[in-house]
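Structure first, commentary second.
The values are calculated or read from the model by the stated rules, or taken from the named source; none is laboratory data. From a predicted model like this one, the values you see are computed outputs, not experimental measurements. Ideal geometry is used to build each Cβ from the backbone, glycine not excepted, and the neighbour counts take in all protein chains shown. Just the protein is used for accessible areas: all its heavy atoms, side chains included, with ligands, DNA and RNA removed. Shrake-Rupley method; radii C 1.70, N 1.55, O 1.52, S 1.80 Å.
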Amino acid sequence: KPRVLSGIQPTADSFHLGNYLGAVRNWVSLQETHECFYFIPDMHAITVAYDPKVLKQRTFIATAQLLALGVNLDESIIFPQSAVPEHAMLAWILNCQTGFGEASRMTQFKDKSSKQERTSVGLFTYPILQAADILLYQANAVPVGEDQRQHLELTRDLAIRMNNTYKRVFTVPEPHILKETATIKDLGDPERKMSKSNSTKNGLIELRDEPARIRKKIRSAVTDTGSEVTYDPENKPGVSNLLVIYSALADKSLQQLEADYAGKGYGDLKKDLGEVVADFCEPIAKSTQEYLSDQAELQRVLDSGAQRAREVASTTLARVYDRVGFFPPV
Ligand code: TYM
């Protein structure tokens, strides 16, 4: 089976709708055809200011939420990045293969560093650690949202460079980005992506939000001039974003939705979408809570995931260490 790897940061008490529609939904569907490695990049989470008291708890929450959303442990593993030291070890080698200028071109670094009081070197080398995450597992495909595309390109460049320098050591991975939901927009400002760290007041929907809050946020979503419910991302970014969310959650095509709302207005669309999103989130939130109530079980899930991950990661790293001219760890 081809292999899939992806990660989601433990930087909040819940995933948001963008995380789900852009990435995790795809993690779930790829399980049928792929061997899947899913992990919680807690080492990435400390590249910006964070609270050590909640980091582990958020890793448990993310794990519970992945299980609630349909990650199936018969087909996939879930593990915390920090439990697999090979990530940091390979990242060092890749650091030494990455040009300073090349790393300086990462737009997410420019974005994030401009919002930090102090910028760590870890934030700068973040994409190189991400490359290590992917290459350690010889992943064929990496399901992510559009905002990760540039990091995936760097990963591919590094894989090709390493393969040329050290003979074939890595599979060159392909990004797996769903076209329509590649970037879910902020509900209050459809010019920017929905994002935990940079959202308008009602612009972000968390999967653990109360149903009433979800309905309210969708009711207050910014729409566009005109009154027809049509998919037109150029001229109607707000309405189009709502239609994309609707289409993905209700499994209806955009054309079908346009037909359903012919002669109706934005208000009707928002009212119905509020129900659709609330109905989707409520059972997921409940199931997340159930998984969270048994932390010992979540710990077992992460332990056995990390054990399996290390088998694969240490095999790759041993080969790389040998080619590089390093001594194996004792
Ligand atoms: P993170 O934790 O920010 O986001 C997790 C996933 O959600 C996607 N996403 C979105 N998709 C569509 N619309 C949005 N508004 C939206 N917001 C977030 C992200 O693209 C991502 O797929 N650097 C990664 C974590 C990571 C990783 C990896 C991913 C670390 N190592 C190795 C893949 C492979 C990140 O910060 O994702």
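Some points to look at:
- Look at the alpha carbon pairs under 8 Å that are at least 6 residues apart: their mean separation over the length of region 133-198 gives a relative contact order of 36 percent.
- Look at the alpha carbon pairs under 8 Å that are at least 6 residues apart: their mean separation over the length of region 179-273 gives a relative contact order of 26 percent.
- In sequence order, region 7-13 has phi-based couplings of x, 9, 6, x, 9, 8, 8 Hz under the Karplus curve 6.51 cos²θ - 1.76 cosθ + 1.60, θ = phi - 60°, and Gly or Pro positions carry x.
- Computed over region 211-316, the alpha-carbon pair-distance distribution with 10 angstrom bins reads 13, 32, 18, 16, 16, 4, 0, each value a whole percent.
- Residue-by-residue Karplus 3J(HN,Hα) for region 213-229, coefficients 6.51, -1.76, 1.60, Hz, glycine and proline x: 5, 4, 4, 5, 4, 6, 4, 8, 4, 6, 10, 10, 5, x, 9, 7, 7
- Nearest-ten-degree value, helix 149-166 long axis tilted from longest Cα axis of the chain: 20 degrees
- Extent along principal axes [Cα atoms of the chain; Å; largest to smallest]: 70, 45, 42
- Short-range pairs are left out: with C-alpha atoms under 8 Å and at least six residues apart, the relative contact order of the chain is 22 percent.
- Nonlocal amide H pairs with K193, under 5 Å, H built at 1.01 Å: D186
- Cross-link pairs exceeding 22 Å in C-alpha to C-alpha distance, out of K193/K216; K236/K270; K110/K185; K115/K185; K112/K286, comprise K112/K286.
- R0 of 56 Å, Cβ-Cβ distance R105-S293: FRET efficiency to nearest 0.05: 0.80
- Under 5 Å, built H, 5+ apart or other chain: amide partners of C36: V4, I77
- HN-Hα J in Hz across region 317-330 - Karplus 6.51, -1.76, 1.60, θ = phi - 60°, x for Gly and Pro: 5, 4, 5, 5, 4, 4, 5, 6, x, 8, 8, x, x, 8
- Apportionment of accessible area to carbon and sulfur, region 204-270, percent (1.4 Å): 44 percent
- Per-residue [θ]222 nm for the chain (sum of -39500 (n - 2.57) over DSSP H runs n ≥ 4, rounded to 500): -16500 deg cm²/dmol
- Solvent exposure of region 147-304 amounts to 52 Å² per residue of accessible area, where only protein heavy atoms count and the probe is 1.4 Å.
- Computed over protein heavy atoms with a 1.4 Å probe, the accessible surface of region 21-87 works out to 36 Å² per residue.
- Spin-label model, V330 to R308: label points 7 Å out along the Cα-to-beta-carbon direction sit 3.4 nm apart.
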